[in-house]
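Novice: Below is a structure I'd like to ask you about.
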Amino acid sequence: MKEYSAYLTFNDLEATDVEKIKRLAEEYSVQADIGSNYLEFDYVGRDTSRNVVKFFYCLSKVVVDAAGEVACEIVNDDGDNEFEFYSIRNGLLICQVGKIIREAGRVVEF
């Protein structure tokens, strides 16, 4: 299962570009709050076709640069979840993969 969360801001877009983003969201079955200078998105579920990532790839071509990031937590059965962080720079969708590394447990006392 994947948990996506995003809040991106970008330069004001023309109405035609906002409509293009809304059509892309519909095409990729992404439900997002889309404005002329922001996008807010949350999703929990399967994304086996990678439609969410495909949507943000297409979005990167429209907005070119965005502040903020798309965070994706990949929930694994073993409890060692993985993470993907996406950002949009120069019309490119950039992905950084991450893991939490746990140290040995310690007793908490008061």
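Novice: With the requirement that a residue be over 19 Å from VAL97 (Cα atoms), in a strand (DSSP E or B), out of contact with any Leu (no Cβ under 9 Å at 6 or more places or on another chain) and of a type in the set (D, E, K, R), what does region 1-41 give you?
Specialist: Within region 1-41, no residue meets the criteria.
Novice: Moving on. Output the residues belonging to region 17-33 that are touching a strand residue (DSSP E or B) at 6+ places or on another chain (Cβ under 8 Å) and surrounded by 12 or more Cβ atoms within 10 Å (Cβ to Cβ).
Specialist: Correct list: VAL18, ILE21, LYS22, ALA25, VAL30, ALA32.
Novice: Kindly list the number of the only condition in (1) touching a residue at least 40 places away in the same chain (Cβ under 8 Å); (2) surrounded by 12 or more Cβ atoms within 10 Å (Cβ to Cβ); (3) not acidic (Asp, Glu) that fails for ARG46.
Specialist: If we test ARG46 against (1) touching a residue at least 40 places away in the same chain (Cβ under 8 Å); (2) surrounded by 12 or more Cβ atoms within 10 Å (Cβ to Cβ); (3) not acidic (Asp, Glu), just (2) comes out false.
Novice: Evaluate region 23-37: report whether one residue or more is in contact (Cβ under 8 Å) with a residue 40 or more places away in the chain and within 15 Å of the chain's Cα centre (by Cα). Working first, answer last.
Specialist: Of all residues in region 23-37, those in contact (Cβ under 8 Å) with a residue 40 or more places away in the chain come to none.
No - not one qualifying residue is present in region 23-37.
Novice: Quick one: in region 68-108, which of the residues that are surrounded by fewer than 12 Cβ atoms within 10 Å (Cβ to Cβ) and part of a strand (DSSP E or B) is farthest from the chain's Cα centre (by Cα)?
Specialist: LYS99
Novice: Give just the number: which of (1) surrounded by 14 or more Cβ atoms within 10 Å (Cβ to Cβ); (2) more than 15 Å from the chain's Cα centre (by Cα); (3) more than 21 Å from LEU92 (Cβ to Cβ) does GLU40 not satisfy?
Specialist: Unmet condition: (2).
Novice: Then there is this: Could you check SER60 against (1) assigned to a helix (DSSP H, G or I); (2) modelled with pLDDT under 95 and say which number it fails?
Specialist: Checking SER60 against (1) assigned to a helix (DSSP H, G or I); (2) modelled with pLDDT under 95, the one that fails is (2).
Novice: Okay, next question. Give region 58-86 a look and list any residue that's touching a helix residue (DSSP H, G or I) at 6+ places or on another chain (Cβ under 9 Å) and of a type in the set (Ser, Thr, Tyr), or say none.
Specialist: Result: TYR86, single match.
The values are calculated or read from the model by the stated rules, or taken from the named source; none is laboratory data. What you see is a predicted model, and the numbers here were worked out from it, not measured in a lab. Using ideal geometry, Cβ is built from the backbone for each residue, glycine included, and neighbour counts are taken over all protein chains shown.
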